[in-house]
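Read the structure below first, then the notes.
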Amino acid sequence: MPTAATAASPALGQLDAADQRFGWHPFTQMREYQDNPRLHLVRGEGSWLIDGEGKRYLDGNASVWTNVHGHNDPDLNRALKDQLEKVAHVTLLGLNHPIATELAKDLAGLTDGALPRCFFTDNGSNAVEVALKLSFQYWQLVGQEAKHGVISMEGAYHGDTFGTMSVGERSEFHRRFNPWLFAAQAFPAPTHSECAGKVARSDTSASLTALKALLERDAATTACVILEPRVQGAAGMVQQPAGFVKAVAALCHQYGVHLILDEVFTGFGRLGALTVSELEGVVPDFLCLAKGLAAGYLPLAATLTSEKIYEAFLGAFSEGKTFFHGHTFSGNPLGCAVARESLRKLKPMLASGQVADRASHLGREMEAAFAGHAHVRTFRQLGLTGSVEFKPAHAERWPTDTRAGYRVALAARRHGLVIRPLGDSILFVPPISIQPDEVKHLVRAVRLAMDDVLPSLKAD
């Protein structure tokens with residue numbers, strides 16, 4: 001099916017044909033993609049993306065949860081260009097460049113120096129892989145080889161590499177790879193839901209009791225607990241109450257296992273602070289960062305850890321203590337330059353209360369749009385994250401291939417919004433710099449799209 005733009009523009013028609021002929025898009029059923037109108041985006045301005053015809057769409061997905069200051073930000077552009085005139089890439093494999101050192105120092109400041117050692121990679125999955133491997137190797141190096149197990153939380157998503165799939169939920173994303181994944185244990189997520197600051201329900205006792213029972217039984221064979229703190233994004237913005245992460249950290253300390261906090265999604269302003277670790281007053285053993293680290297400009301990730309863990313890897317080469325892991329573009333200078341400038345801009349934004357105000361606004365708009373709606377099963381919001389789950393008006397659910405969330409996301413384009421579905425849900429993840437009128441547009445477009453689509457869908 002051609003796009004609307006292809007009929008008016010031969011160049012876009014050629015692009016569309018080439019995309020159909022050669023493209024294979026991530027997390028996309030390509031038959032479905034090719035059978036529906038496609039959207040070719042060519043420019044960005046602030047919170048907006050622009051297609052080949054000049055039509056504007058609010059980026060409600062923050063370009064897969066990465067965008068902090070909007071598209072085409074002049075300060076980030078300047079930082080990128082300045083670094084480009086010096087050097088585009090220098091390997092960190094046995095060499096160094098100044099901007100990586102400067103960024104590593106900046107990131108150490110996120111924990112007031114408690115996690116001073118920074119290992120750069122290029123995406124969130126790899127940041128988590130590094131944390132897992134460092135934990136496993138650390139316990140070997142200190143003579144506790146039996147500590148090789150991992151405990152994660154039900155509903156977890158830590159990435160798509162084999163290690164991160166192993167410690168995540170064995171959902172439809174990853175289930176077919178089960179024969180190749182290593183074993184891991186899971187404890188239940190707490191029950192908690194809020195929107196616009198109102199807690200609808202909350203219970204952490206069963207979750208923490210289950211984790212404590214696992215640790216009491218298996219601490220001697222457990223290397224680490226891994227957690228997406230406060231919000232499990234790919235689970236549908238499933239929330240944890242304030243204080244939960246601190247309680248998990250206390251249990252990890254009590255039973256002598258590492259805590260890995262996967263802040264790939266929650267870091268850099270999304271929940272109102274630079275990290276959830278800061279909000280909760282927690283220092284994990286490993287802090288994984290990506291997505292917003294380079295503000296949506298370039299692939300960049302970092303795993304932060306303590307001096308104690310770092311020192312266990314020091315020794316003569318013959319001792320076999322070296323951490324044999326790396327990526328070609330680890331600590332890429334262009335990404336590091338953008339990340340430093342993004343941090344410089346983000347800190348006063350957070351301190352001013354602007355981000356907190358936008359988050360409150362998002363909650364109020366969602367409450368007004370979705371509370372009591374016949375096609376809304378549930379909705380929740382925390383910081384600049386949100387989710388609305390749809391249902392039939394007079395049935396439990398639609399057949400899987402009805403694709404309610406996907407249809408709403410397609411319809412939202414007609415209302416000037418690009419957004420991603422998750423099953424029968426829509427996830428709200430705007431740029432951190434979103435403005436009040438844009439928050440209103442974001443929620444209004446979803447409401448209009450669902451009212452366009454959902455009443456006509458046939459349930460089981």
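The values are calculated or read from the model by the stated rules, or taken from the named source; none is laboratory data. Keep in mind that this is a model prediction, so the values were computed, not measured. Positions of Cβ are generated from backbone atoms using ideal geometry, with glycine treated the same way; all protein chains shown enter the neighbour counts.
Residues that are under 24 Å from THR275 (Cα atoms) and not in a helix (DSSP H, G or I) within the range 344-378 comprise just one, GLY353. Of the residues screened, LEU132 is not one that is more than 22 Å from the chain's Cα centre (by Cα) and within 20 Å of LEU287 (Cβ to Cβ).
Residues considered: ALA449, ALA445. Of these, the only one that is crowded, with 22+ Cβ neighbours inside 10 Å, outside any loop (DSSP other than H, G, I, E, B), in the same structural domain as SER47 (by TED's automatic domain parsing) and under 24 Å from the mean Cα position of the chain (by Cα) is ALA445. Only one of the listed residues (LEU343, LEU350, LEU422) is of a type outside the set (Lys, Arg), closer than 30 Å to GLU102 by Cα and out of contact with any helix residue (DSSP H, G or I) (no Cβ under 6 Å at 6 or more places or on another chain). That residue is LEU350. Screening GLN83, GLN14, GLN20 for residues that are outside any loop (DSSP other than H, G, I, E, B), farther than 30 Å from PRO333 by Cβ and either assigned by TED's automatic domain parsing to the domain that holds LEU410 or touching a helix residue (DSSP H, G or I) at 6+ places or on another chain (Cβ under 7 Å) (or both) leaves exactly one candidate, GLN20.
Being surrounded by 13 or more Cβ atoms within 10 Å (Cβ to Cβ) and assigned by TED's automatic domain parsing to the domain that holds ALA273 is not true of ALA62. Apart from one condition, THR101 fits all of (1) assigned to a helix (DSSP H, G or I); (2) more than 30 Å from GLN20 (Cα to Cα); (3) touching a residue at least 40 places away in the same chain (Cβ under 8 Å); the exception is (3). Take the conditions (1) in a strand (DSSP E or B); (2) touching a residue at least 60 places away in the same chain (Cβ under 8 Å); ASN126 misses just one of them, which is (1).
The number of residues in the range 406-422 being in a loop (DSSP other than H, G, I, E, B) and either out of contact with any strand residue (DSSP E or B) (no Cβ under 8 Å at 6 or more places or on another chain) or among the β-branched types (Val, Ile, Thr) (or both) comes to 3. Of the residues LEU289, LEU261, the single one that is surrounded by 24 or more Cβ atoms within 10 Å (Cβ to Cβ), within 17 Å of ALA100 (Cβ to Cβ) and touching a strand residue (DSSP E or B) at 6+ places or on another chain (Cβ under 8 Å) is LEU289. Could you say whether any residue in the range 73-83 is crowded, with 18+ Cβ neighbours inside 10 Å and either within 17 Å of LEU410 (Cα to Cα) or among the polar types (S, T, N, Q) (or both)? For the range 73-83, residues crowded, with 18+ Cβ neighbours inside 10 Å and either within 17 Å of LEU410 (Cα to Cα) or among the polar types (S, T, N, Q) (or both): present.
Here the strands (runs of 3 or more DSSP E) wholly within the range 144-251 that include at least 1 residues being over 17 Å from GLU280 (Cα atoms) and touching a helix residue (DSSP H, G or I) at 6+ places or on another chain (Cβ under 6 Å) are 149-153, 185-187, 191-195, 222-227. In this entry, ASP75 is excluded by the filter for residues that are more than 18 Å from GLU341 (Cβ to Cβ) and modelled with pLDDT of 95 or more.
For VAL68, the conditions (1) at pLDDT 95 or above; (2) under 22 Å from HIS415 (Cα atoms) all hold with the exception of (2). Applying the criterion of being among the polar types (S, T, N, Q) and touching a residue at least 12 places away in the same chain (Cβ under 8 Å) to the residues of the range 129-170, the residue that is surrounded by the fewest Cβ atoms within 10 Å (Cβ to Cβ) is THR161.
Residues that are among the polar types (S, T, N, Q) and in a loop (DSSP other than H, G, I, E, B) within the range 111-123 comprise just one, ASN123.
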